[in-house]
Amino acid sequence: MKNFNHMLDEYAKLCVKVGINLQKGQPLVINSPVEGAEFVRLVAKHAYAAGAKQVHVNWNDETLTKLKYENAPMEVFENFPKWYADGLEEFAKDGAGYLSIYSEDPELLKEIDPKKIAANNKAASTALKKFRKYTMNNINSWCVVSIPTKGWAKRVFPDVSEEEAMEKLWDAIFKATRMDLEDPIKAWEDHVKNTEEKVKFLNEKKFKKLYYKSSNGTDLEIELPEGHIWAGGGDYNSKGIFFVANMPTEEVFTMPLRTGVNGVVYSTKPLNYGGNLIDDFKLKFKDGKVVDFEAERGYEVLKDLFALDEGAKHLGEVALVPYDSPISNSNIIFLNTLFDENASCHLAFGKAYPTNIEGGENMTDEELEKAGVNDSLTHVDFMVGSKDLSIIGETKDGEKVQIFENGNWAF
């Protein structure tokens, strides 16, 4: 049986070898909480062993973040440092891979003025718009992973000690990322191949519409644009290098037609957005746009999200995840979108990935808009999968195919 230190080292290696698939001479940029210093050092060790030109780390600290929100004036949140955005873009131009360690306390900012959070999100999204093209267009390799932090672990396991909560969350993360298996890298290769079979089927069918129905009240019709592309497991960057953007990942995804979403959908898991939880919400769509919404928790935060720009009220992603999947079967609500979205079918507000339409990565903003692709400063996933979710696909010829039945793949 593997011990903790061995699995931690293998996890760091997996990030480098599978997540980023780092190549010799390539820089690596890491975003990490300060609690992850030990793990980041292991990642750096494996990165340099793989031939990294340099490893640059951007640290964040939740205590400092909260102090800033509690004490800094609004003007600080309305202005994002240009030097930071320029630095990320310079690394991107040099071919860097980007590893983000996402381990946020989901209630860190629950007592903070939501207007400050909204202002910061808008300023950051605006300043980083050029840089995000490098990742959203898969020009550069990128990967999002998680490690436990004390604040997050106690939210997920509130009834045990801090030490036990950390142990339980590490165990859950290792299982979700296949680190508990004999050969994790081989396990990931097999997993990617299995996902590609679903992608191939969906791309061959070229569905025009998807129909979602669930006993919770979800009754949604989603039209897909001409030339849409399903993806999943991993993808290739502009240099033809295969990488895995999310670990874990269980999803197969594409984009909806910007104006083609109609009906009602209910959330099925809490959404952690900017240090706040949005939960038990209902959305009504007409011609692709959210025209009405309700939320038992986080209503104002959701309202500010939709006010970010016009595209935030439209969908940019449609993702299919079986209810009977490893993360879902753990029965853990991670309060972390990276994990919860891979336990549930989900949708995303905001910007669509240009790579989800034929030739999209080479289209101008105007061409993407004409093709029905949504644009926004944001991209926020939210979960809609349930154990009785039915999804039927309809082709251009009117053929109807059961894609999901009782929350799982029907083929």
Which one of these does residue 354 not meet: (1) in contact with an Asp or Glu (Cβ under 7 Å, 6 or more places away or on another chain); (2) surrounded by fewer than 21 Cβ atoms within 10 Å (Cβ to Cβ)? (2)
Within segment 294-316, work out how many residues are assigned to a strand (DSSP E or B), buried (at least 18 other Cβ atoms within 10 Å of the Cβ) and either without any contact (Cβ under 8 Å) to a residue 60 or more places away in the chain or in contact with a His (Cβ under 8 Å, 6 or more places away or on another chain) (or both). 2
With (1) assigned to a helix (DSSP H, G or I); (2) buried (at least 16 other Cβ atoms within 10 Å of the Cβ) as the list, and residue 100 as the residue in question, which single condition is left unmet? (1)
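Condition check ((1) buried (at least 20 other Cβ atoms within 10 Å of the Cβ); (2) in contact with a Gly (Cβ under 9 Å, 6 or more places away or on another chain); (3) closer than 30 Å to residue 189 by Cα; (4) among the small types (Gly, Ala, Ser)) across all residues:
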residue: 3; (1), (2), (3), (4): no, no, yes, no
residue: 8; (1), (2), (3), (4): no, no, yes, no
residue: 19; (1), (2), (3), (4): yes, yes, yes, yes
residue: 36; (1), (2), (3), (4): yes, no, yes, yes
residue: 68; (1), (2), (3), (4): no, no, no, no
residue: 79; (1), (2), (3), (4): no, no, no, no
residue: 84; (1), (2), (3), (4): no, no, no, no
residue: 109; (1), (2), (3), (4): yes, yes, no, no
residue: 112; (1), (2), (3), (4): no, yes, no, no
Looking at segment 164-207 only, could you name the residues that are at pLDDT 95 or above, aliphatic (A, V, I, L, M) and in contact with a strand residue (DSSP E or B) (Cβ under 7 Å, 6 or more places away or on another chain)? 199, 202
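Within segment 255-283, restricting attention to residues that are in a loop (DSSP other than H, G, I, E, B) and in contact with a helix residue (DSSP H, G or I) (Cβ under 6 Å, 6 or more places away or on another chain), which residue is farthest from residue 156 (Cα to Cα)?
This residue is 255.
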Have a look at 130, 175 and point out the one that is surrounded by fewer than 19 Cβ atoms within 10 Å (Cβ to Cβ), part of a helix (DSSP H, G or I), touching a residue at least 24 places away in the same chain (Cβ under 8 Å) and touching an Asp or Glu at 6+ places or on another chain (Cβ under 7 Å). 130
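The values are calculated or read from the model by the stated rules, or taken from the named source; none is laboratory data. In this text the structure is predicted, and so the values were computed from the model without any measurement. A quick note on method: Cβ atoms are made from the backbone with ideal geometry, for glycine too, and the neighbour counts reach across all protein chains shown.
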